[in-house]
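Following: one structure in structure tokens, then a few remarks.
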Amino acid sequence: MSALTQLRHQVNFDLTIFRRNSAATFFTVIFPLIFLFIFTSIFGNQEVGPPGEEVRAATFYVPGILALAVISATLVNLAITMVSRRERGLLKRVRGTPLRPWIFVMSQAVAGVAISFFMTVVVVGIGWLVFDVDVNASGVPSLIISVFVAAASFSALGLALTSIIPSENAAPAITNAIVLPLYFISDVFIVGEKPEWMATVADIFPIQHTASALQESFDPFADTTPWPWDHWLIVAAWGLFGLVVTLATFRWTSARR
Amino acid sequence: MAKAIDVVGLVKSYGSHRAVDGVDLSVEEGEIVAFLGPNGAGKTSTIEVLEGYRERDSGSVSVLGEDPAKASTEWRERVGIVLQESQLIEELSAIETIRMHSRYYRASRDPEEVLGLVGLADSADQRGSKLSGGQKRRLDLALALIGDPELVFLDEPTTGFDPSARRESWSMIEALRETGCSVLLTTHYMDEAEQLADRIVVIAGGRVVANGTAADLADLVGARTTVSWRPGPSDPAPPPGLAAVATGDTMTLSPTDLVADLHALTGWAREANVHLDGLAVKQPTLEDVYLTLTADASPTADAEPGSEAS
């Protein structure tokens, strides 16, 4: 069986496992949609923008919600499920088979990217159908690139994160302790002016750049396709860092066994 | 005959503790060998070196002609592993789990057939989270067999089973013998080793303390058949030639010549009108032999080593 066929089979099984895991599907699929409903309820969905070009306010919530969905589908989901599989001896068993390790690891990232694109369709689709969100066709190519760069990079970061998580119980706590504060300062939940020091801190991390890249891609007033290279490069650099850490430190067995 | 496993002078230390201290071990092609020892004796450390999970400090190790420390994908195709502790993916059914693993091998057995082989055909669609402990262990075995291995490692395959589930597992392991598969089995149960293994290797304190058939091991510790009975209150003392030892309310003989001593005992009993209540002639059990063998080894470690590894 060729490596590519093996990868395809493993991705299929990993997507089935994700689909049947109610905690993972809730936090990745339902949770971001709940936020979209909450934001439009609290902040309203009035028309904004220059006269004649008004768009619904929900159009500006969608990029943040999308960033939340992509990071849940990749970093959060992978950090939690891979630590669980490691601590329960499942990775050790895989390591004892002829499956090449890179195929198994790559499958996790491919599944994360696939779920991210599924969520892009769901969030944008529900935004368009329910909240009259303006989808600017000229931004679609950069939206696709932004989602891909973010999903791949946050998958690598999620796998890298497993190395510093000691136990199954600690996984959700450590993961959320990292992403939650960054969501708040990185234009995921709240878009707008913030203190300069906070903006400086947010700019170091990839969540801000993911949110910014998605915002630029989703700009309803853009006439030409936006190319947010600076944000893509910073997110990709973090992804590369995650890949290097993963290759150097990924563990297949629990430290306690 | 070619050797499936050939280990000479294996050493594995964790810090200053030599968990495996010069172990020699071999398994011939098609042979089932039981690897016995108390917790902390170095069983799991040894088997994990052979499975390619741990690096050794020194010694030569050949498993199916290769060094497992450099385990290749091709080598993994030929080896099946049942780990001591491992769980299943809760979201996949038994048959889906086997199918997923069958894709890992270039040539695998038919998933349905393997599922039937381990007696799980009726639970094919049960999710991992819904399988009982015994069913999970059988699925573990199925996953070890799906690649049609030449050598199978079974690390305590029946721990926690009820007696009937153990017997079923035994018949599955014996069925492996028919296929010519070599097996290295670790266990705590003496009857399991006696039932399944062609040869038994006992390890204690990181060293091999015995190696042979159950009968060889009994000879090694000089275990003898014993004769015992409960003397009545008015019984005369047995003749001094019999060297009977009283323990509690039981008299015991450990004869060097069983037939002669039995003859002398019954002759004396008949003359002296002694009833010999509860007269029993007992073969030494492997359990007795094992306890004798492992009692001498230093009981240093009280847990399986491994915390400082990986």
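The values are calculated or read from the model by the stated rules, or taken from the named source; none is laboratory data. Computed from a prediction, not measured in an experiment: that's the story for all the values here. Cβ: placed from backbone, ideal geometry, glycine included. Neighbour counts: every protein chain shown. Ligands, DNA and RNA are excluded from the accessible area calculation, which covers all protein heavy atoms including side chains. Shrake-Rupley method; radii C 1.70, N 1.55, O 1.52, S 1.80 Å.
The accessible-area loss of region A:236-257 on complex formation, taken against its chain alone with a 1.4 Å probe, reaches 40 Å² or more at A:Arg257.
Leaving out ligands, DNA and RNA, what percent of the accessible area of region A:207-255 is carbon and sulfur, probe 1.4 Å? Let's see the in-between values first.
Working: 1700 of 2390 Å².
The C+S portion of the solvent-accessible surface of region A:207-255 is 71 percent.
Surface analysis of region B:136-267 yields an accessible area of 44 Å² per residue, using protein heavy atoms and a 1.4 Å probe.
Heavy atoms of chains B and A lose about 2800 Å² of accessible surface on contact, summed over both sides with a 1.4 Å probe. Plugging the Kirkwood radius over Cα pairs into Stokes-Einstein for region A:1-70, at a temperature of 37 °C and a viscosity of 0.692 mPa s, what D comes out in µm²/s? Taking Rh from Cα pairs, D becomes 221 µm²/s. For chain A, the longest principal axis of the alpha carbon atoms and the long axis of helix A:77-87 meet at an angle near 10°. For the protein assembly as shown, list log₁₀ I(q)/I(0) at each q in 0.13 Å⁻¹, using the Debye formula over Cα point scatterers of equal strength and ignoring solvent, two decimals each. Those come out to -1.22, one per q. Charges on Cβ only, +1 for Lys and Arg, -1 for Asp and Glu, centred on the Cα centroid of region A:16-134; of A:Leu68, A:Ala111, A:Ile30, which one is farthest towards the dipole's positive end? So the residue furthest toward the plus end is A:Ala111. GNM on chain A, alpha-carbon springs under 10 angstrom: the most fluctuating residue among A:Arg56, A:Arg86, A:Arg95 is A:Arg95. Measuring r between the beta carbons of A:Phe148 and A:Asn12 and using R0 = 22 Å, the FRET efficiency lands at 0.65.
May I ask for the longest run of chain A untouched by GluC sites (Glu not before Pro) that are loop-located per DSSP and have at most 16 neighbouring C-beta atoms (other than their own) within 10 Å?
Details: sites that count: A:Glu53, A:Glu54, A:Glu168, A:Glu193.
Here the longest run is A:55-167.
Of the listed residues A:Trp128, A:Trp102, the order by accessible area with a 1.4 Å probe, largest first, is A:Trp128, A:Trp102.
3J(HN,Hα) along region A:144-154: 4, 5, 4, 5, 5, 4, 5, 4, 5, 5, 6 Hz, from the Karplus curve 6.51 cos²θ - 1.76 cosθ + 1.60 with θ = phi - 60°, whole Hz, x for Gly and Pro.
Any chance you could list the semi-axes, whole Å, largest first, of the equivalent ellipsoid that the Cα gyration tensor gives for chain B, using √(5λ)? All intermediate terms of the calculation are to be shown ahead of the outcome.
Details: eigenvalues 393, 116, 57 Å².
For chain B, the semi-axes come out at 44, 24, 17 Å.
Of the residues making up region A:1-46, those losing 40 Å² or more of accessible area when the isolated chain is joined by the remaining protein chains, with a 1.4 Å probe, are A:Met1, A:His9, A:Phe13, A:Ile17, A:Arg20. Any chance you could check region B:81-99 for residues losing 50 Å² or more of accessible area when the partner protein chains are in, compared with the chain on its own (1.4 Å probe)? Correct list: B:Glu85, B:Gln87, B:Ile89, B:Glu91.
Considering only C-alpha atoms, what is the centroid distance from region A:66-114 to region B:49-116, in Å? Here the two parts' Cα centres lie 19 Å apart.
Taking chain A as the reference, fit the longest principal axis to its C-alpha atoms, fit the long axis of helix A:229-249 to the helix C-alpha atoms, and give the angle between the two in degrees, 0 to 90, nearest 10. Tilt of helix A:229-249: around 10 degrees. Of all the options B:Ser16, B:Ser72, B:Ser234, the one that moves most in a Gaussian network model of chain B with Cα springs shorter than 10 angstrom is B:Ser234.
Quickly estimate the mean residue ellipticity at 222 nm for chain B, helices only: each DSSP H run with n ≥ 4 gives -39500 (n - 2.57), and the total goes over all residues, rounded to 500.
Working: 10 runs with 97 residues, N = 310.
Rounded to the nearest 500, the figure is -9000 deg cm²/dmol.
For chain B, a Gaussian network of Cα nodes joined below 10 Å ranks B:Pro233, B:Pro149, B:Pro111 by mean-square fluctuation, and the top entry is B:Pro233.
Expected output is a single nm value to one decimal: the length gained when fully extending between B:Asp122 and B:Leu242, i.e. 0.36 nm times separation in residues minus the C-alpha distance. What is it?
The B:Asp122-B:Leu242 span can extend by a further 37.2 nm.
Comparing B:Trp268, B:Thr247, B:Thr186 along the charge dipole axis of region B:157-277, the residue lying farthest to the positive side is B:Thr186, per the Cβ-charge model.
Under the convention that each Lys and Arg Cβ holds +1 and each Asp and Glu Cβ holds -1, the size of the dipole of chain B around its Cα centre is about 200 debye. Shape analysis of region A:113-257 yields a ratio of the Cα radius of gyration to the Kirkwood radius, Rg/Rh, of 1.01.
Of all accessible surface on region B:113-188 at a 1.4 Å probe, what whole percent is carbon and sulfur? Using a 1.4 Å probe with all protein chains present, region B:113-188 comes out at 45 percent carbon and sulfur.
Probe radius 1.4 Å, ligands and nucleic acids ignored: give me the carbon and sulfur share of the accessible area of region B:45-111 as a rounded percent.
On the way: 950 of 2480 Å².
Solvent-exposed carbon and sulfur of region B:45-111 make up 38 percent of the total.
Entry comment: accessible area of chain A is 44 Å² per residue, from protein heavy atoms only and a probe of 1.4 Å. Relative to one another, the C-alpha centroids of region B:22-38 and region B:236-267 are positioned 39 Å apart.
In the protein assembly as shown, if the dipole is taken from +1 on Lys/Arg beta carbons and -1 on Asp/Glu beta carbons about the Cα centre, which of A:Ile207, B:Val259, B:Ala197 is farthest to the positive end? Toward the positive end, the furthest listed residue is A:Ile207. Computed from Cα atoms, the angle from the helix A:206-217 axis to the main principal axis of chain A rounds to 40 degrees. Can you give the percent of C-alpha pairs in region A:87-181 whose distance is more than 19 Å? Within region A:87-181, distances greater than 19 Å cover 59 percent of Cα pairs.
Determine the dipole magnitude for chain A: charges of +1 sit on the beta-carbon of Lys and Arg, -1 on that of Asp and Glu, nothing else is charged, the reference point is the Cα centre, and the result goes in debye to the nearest 20.
On the way: 15 positive and 16 negative charges, 451 e Å.
So the magnitude is around 2160 debye.
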